[in-house]
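The values are calculated or read from the model by the stated rules, or taken from the named source; none is laboratory data. A quick note: this is a predicted structure, and the numbers were derived from the prediction, not measured. FYI the Cβ positions are ideal-geometry reconstructions off the backbone, even for glycines, and counts take in every protein chain you see.
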Amino acid sequence: MRMPAADPGLVSRRAEFLGALRRFVPGEGVIGTPEELAAYECDGLTAYRQPPLAVVLPADTAQVAAVLAYCHAQGLKVVPRGSGTSLSGGALPLADAIVVGLGKLNRVLEIDYANRCVVAQPGVTNLAITQAVAERGFYYAPDPSSQIACSIGGNVAENSGGVHCLKYGMTTNNVLGVEMVLIDGSIVRLGGRAYDAPGYDLLGIVNGSEGLLGVVTEVTARILPRPEHQQALLIGFPTVEAAGSCVAAIIDHGLIPAGMEMMDRLAIQAAEAFVHAGYPLDVEALLIVEFDGPRAEIDEHVSIVEALVARCGAGYLRISSSERERLQFWAGRKAAFPAVGRLSPDYYCMDGTIPRRCLPQVLRRISELSQTYGLAVANVFHAGDGNLHPLILYDASLGDQLDKAERFGADILTLCVEVGGVLTGEHGVGVEKRDLMEVQFQPSDLQQQQRLKCAFDPDGLLNPGKVFPHLCRCAELGRMHVHAGALRFPDLPRF
Amino acid sequence: MRGRCAFRICRGSEAVPATLRVTDASEAQHAIAGLLADGRTAEIVARATRRPYGRPLQTDAILDLRALSGITVYEPGELVLSAQPGTPLSLIQSTLAEQRQHLAFEPPDFSRLWGAAPDRGTLGGCLSVGLGGPRRPSAGAPRDHFLGVKGVNGFGQAFAAGGRVVKNVTGFDLPKLLAGSLGTLAVMTEVTIKVMPAPPSTSTLLLHGLDDAQAVALMGEALSSPAAVSGAAHFPAAVANTLPALRSAPGAVTALRLEGLPRSIGARLEHLTRRLAHYGGDCTLLDESVSRGLWVEVADVVAFAGASERPVWRLSTRASAAVGLARTIMQSLEGRYFFDWGGALLWIELAADSLAHQGIVREACIRAGGPDAHATLIRADEHVRARTAPLPPLAGSLAALTERIKAQFDPQRLFNPGRMYAEL
């Protein structure tokens with residue numbers, strides 16, 4: 001993984017930058033010692049590490065604006081960071097960049113029940129928003145598995161999903177507004193508490209922009225009334241094909257479950273050994289289907305699925321009869337990643353989305369690739385929306401295994417694109433999938449995305465080296481007339 | 001921005017723009033290359049049913065996408081549909097209905113409001129205008145269902161963004177940017193949308209005789225309940241009396257829609273009536289077909305369809321400010337109004353046209369609506385729309401950012417120049 005080369009001129013001015021940044025963010029808000037910087041050298045994608053030039057922890061929007069304006073004036077690169085749980089290296093630092101951590105902006109500013117929204121600073125955790133409104137029977141719907149730690153600002157940057165997004169949408173469908181600081185230090189408000197906003201849908205592009213367009217300093221999130229009841233079905237299948245056809249039958253029947261999760265044999269075994277969720281061990285695929293709503297509706301949906309399950313050749317069915325049992329069904333799934341982690345010193349989590357009908361074909365091919373690379377793989381799958389999480393098991397201490405795991409992962413994601421899917425369903429591109437972007441997109445597609453970046457950040461100071469396999473060259477893009485989609489400088493170095 | 005508009009206006013409005021009809025994406029790209037080479041501007045249209053929205057255009061050419069029509073991919077099991085932008089929305093809706101699916105964002109048809117025969121127009125037009133219907137609070141707007149796009153930008157370059165799967169975060173979400181951009185950024189040549197199972201049954205609970213404040217409070221409580229209310233509108237008596245679906249009920253009416261399986265609707269109705277009993281008053285239940293008719297009338301604003309010379313405003317606000325906003329405007333201007341989206345959408349029909357109402361409505365937004373309230377002049381005489389800003393103005397920093405974005409998609413201002421804002 002190559003990152004943009006550090007500018008030695010900037011690196012040598014470190015002391016000057018630290019001094020200046022301390023004028024904007026006093027006290028412990030500026031971090032410069034190697035020991036302390038080490039804590040920021042990576043995010044959830046731990047395979048890549050790089051201490052930054054400095055870390056700044058602003059305490060309010062005004063400090064963020066002052067820091068960005070200074071960086072803009074000095075040509076200093078900025079890597080925004082929420083809780084640092086990105087699985088795609090979205091917050092990986094650069095040697096000549098400062099990290100702007102939003103952790104101190106951690107207050108819920110307002111709970112507005114009349115308009116059913118919460119105004120929160122970006123460092124508030126996803127789960128804390130739900131906790132803040134739970135007493136009145138509300139919750140915040142997107143629930144990434146890191147919700148106990150991940151921040152709402154990071155959720156906006158990554159457009160995070162979760163197990164319930166088939167029915168309730170991703171972050172972008174659940175955020176009404178943001179306050180954002182642009183790289184020149186100006187502050188803009190996009191959206192608000194009304195359902196739509198004038199002009200272009202800038203809120204729509206800020207969601208999922210991976211810290212390339214600005215630094216979010218406030219988020220207005222929609223909250224929903226908690227459903228009256230929830231019930232889950234645990235269904236075991238003798239083949240992955242049978243499980244896939246059952247998922248299709250449920251959707252074809254017009255049902256949109258609140259959650260629909262699949263695990264393959266290795267994932268089931270690992271989860272069961274880890275948390276003893278009561279999963280059957282003699283099945284090839286396990287499906288958790290959850291419904292929520294009024295009792296009468298759940299009863300009807302559950303009985304429909306019961307009938308469908310029988311026709312799909314399921315060999316195992318349990319319907320949760322208590323809240324405790326429902327949570328137990330989920331306990332295995334929610335612990336699937338760490339459970340698989342126990343099987344191997346390291347694992348690499350992939351995140352492609354495929355058309356669901358291609359599931360059997362894709363899983364077959366993954367299994368073949370597993371043989372070729374000599375690395376085991378466990379599959380966890382947001383079955384309702386086609387988002388696949390193969391977990392590749394490897395041991396980084398053994399010679400070329402990391403390299404193999406990465407090549408295996410790239411093959412899986414390329415396969416996802418080949419069958420009509422995409423590189424990432426919810427984890428983001430970051431550095432991890434950056435060099436695969438050309439598998440999914442033509443050069444002219446990426447150029448249009450980069451042009452958008454140029455409208456926000458013409459000097460390319462915000463999170464460089466992420467998302468795009470080539471750095472933006474805004475001056476060139478502005479006057480470039482590309483012929484037949486060919487890049488004008490095909491021989492410029494990639495990183 | 002650029003001073004090209006003045007040049008075109010000098011040529012006079014009688015000049016008939018040349019029409020460029022394209023039948024596929026490569027013809028569209030070719031036509032745009034020609035516009036670019038000649039420095040000619042174009043109005044991007046298909047059926048042109050939404051032409052009264054925004055500012056009227058004076059362009060050198062018309063780029064007609066009507067023949068760029070047809071569903072290219074429909075996979076009900078994957079919940080996705082791809083189509084060319086000129087595909088009639090009616091065709092898409094009937095195709096979906098055959099598979100018991102629908103467009104959850106319930107696209108409105110303002111044709112009748114604009115004095116024309118009902119015509120849902122095209123999918124491209126619907127996405128470009130980007131307005132959602134009564135299901136907006138629960139199911140979102142077109143932006144929330146717009147998954148992927150192929151198009152040609154103002155550099156004459158074809159590009160694609162998004163994808164054909166329902167869950168995707170690969171790259172910037174350009175479909176969202178194009179939704180509601182009124183064709184000012186790119187010419188779409190194919191779009192992919194998310195489609196959803198259609199609710200098998202619909203029912204509407206009517207509550208009678210509430211004043212505005214009571215009604216907005218009640219709708220807020222209904223939307224805060226777990227009853228999954230998918231429509232919440234309030235009609236003061238002056239509007240309720242004109243709606244065919246409500247004709248039998250004199251006085252103000254508040255309507256709450258429930259959709260889903262019949263048994264589920266029954267359970268939720270019971271929950272709602274119990275929870276809302278403290279508001280008092282009578283309630284009635286609309287049956288399936290009347291209920292469906294009512295929400296089409298709400299979406300399409302047919303209450304204001306009769307007198308096409310009267311200005312109609314659409315105000316988006318936080319629900320808690322809606323009653324004050326309506327009251328403030330009605331203190332200065334004569335007219336009728338109703339609320340959708342639990343109060344967060346306010347429709348106003350004014351009794352008489354004048355240029356003065358613009359200032360009054362926008363001022364009321366600022367004073368009574370709060371920072372996020374904004375007003376769009378949906379129906380007005382063409383010369384009024386040309387001389388004023390029918391779409392809500394942008395704050396300074398946002399206006400500058402908007403111009404920079406426009407320049408990165410269409411730097412020569414070829415596409416729909418001035419349709420959104422005079423300078424864009």
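Structural remarks
- Some residue of region A:271-285 being within 14 Å of chain B (Cβ to nearest Cβ), touching a Phe, Trp or Tyr at 6+ places or on another chain (Cβ under 9 Å) and either modelled with pLDDT of 95 or more or surrounded by 20 or more Cβ atoms within 10 Å (Cβ to Cβ) (or both): no
- Any hit, region A:104-122, residues being assigned by TED's automatic domain parsing to the domain that holds A:LEU176 and small (Gly, Ala, Ser): yes
- Enumeration of residues in region B:232-262 that are more than 10 Å from chain A (Cβ to nearest Cβ) and at positive phi: B:GLY251
- Among the residues of region A:96-133, the one identified as in a loop (DSSP other than H, G, I, E, B), more than 14 Å from chain B (Cβ to nearest Cβ) and farther than 24 Å from A:LEU212 by Cβ is A:ARG107.
- Among the conditions (1) more than 18 Å from A:GLY315 (Cα to Cα); (2) away from every other protein chain (no Cβ under 14 Å); (3) part of a helix (DSSP H, G or I), A:ILE268 misses just one, which is (1).
- Meets criteria (on the phi > 0 side of the Ramachandran plot, modelled with pLDDT of 95 or more and either surrounded by fewer than 22 Cβ atoms within 10 Å (Cβ to Cβ) or among the β-branched types (Val, Ile, Thr) (or both)) for A:GLY211: no
- Assessment of region B:191-214 against the conditions (more than 21 Å from the chain's Cα centre (by Cα), charged (D, E, K, R) and within 14 Å of another protein chain (Cβ to nearest Cβ)) yields no matching residue.
- The lone exception for B:THR284 - which of (1) part of a helix (DSSP H, G or I); (2) surrounded by fewer than 21 Cβ atoms within 10 Å (Cβ to Cβ); (3) in contact (Cβ under 8 Å) with a residue 60 or more places away in the chain; (4) hydroxyl-bearing (Ser, Thr, Tyr) it fails: (1)
- Pair list, Cβ under 7 Å, 6 or more apart: region A:406-426 residue of a type in the set (Phe, Trp, Tyr), other residue surrounded by 23 or more Cβ atoms within 10 Å (Cβ to Cβ) and not in a helix (DSSP H, G or I): A:PHE408/A:ILE392
- Residues of region A:404-458 that turn out to be more than 8 Å from chain B (Cβ to nearest Cβ) and among the aliphatic types (A, V, I, L, M), as a count: 10
- Considering each residue of region B:97-116 in turn, none proves to be crowded, with 24+ Cβ neighbours inside 10 Å, part of a loop (DSSP other than H, G, I, E, B), in contact with a helix residue (DSSP H, G or I) (Cβ under 9 Å, 6 or more places away or on another chain) and facing chain A (nearest Cβ under 8 Å).
- Any hit, region B:397-406, residues being in contact (Cβ under 8 Å) with a residue 40 or more places away in the chain, crowded, with 16+ Cβ neighbours inside 10 Å and of a type in the set (Ser, Thr, Tyr): no
- Residue check: B:ARG327 meets all listed conditions (1) in contact (Cβ under 8 Å) with a residue 60 or more places away in the chain; (2) over 30 Å from B:ASN153 (Cα atoms); (3) part of a strand (DSSP E or B) but one, namely (3).
- Residue check, A:LEU286 over 29 Å from the mean Cα position of the chain (by Cα) and in a strand (DSSP E or B): no
- If you go through region B:268-319 and keep only what is among the hydroxyl-bearing types (Ser, Thr, Tyr) and under 23 Å from the mean Cα position of the chain (by Cα), you end up with B:SER291, B:SER308, B:SER316, B:THR317.
- In region A:132-152, residue surrounded by the most Cβ atoms within 10 Å (Cβ to Cβ) [restricted to those that are touching a residue at least 60 places away in the same chain (Cβ under 8 Å) and within 12 Å of the chain's Cα centre (by Cα)]: A:ILE152
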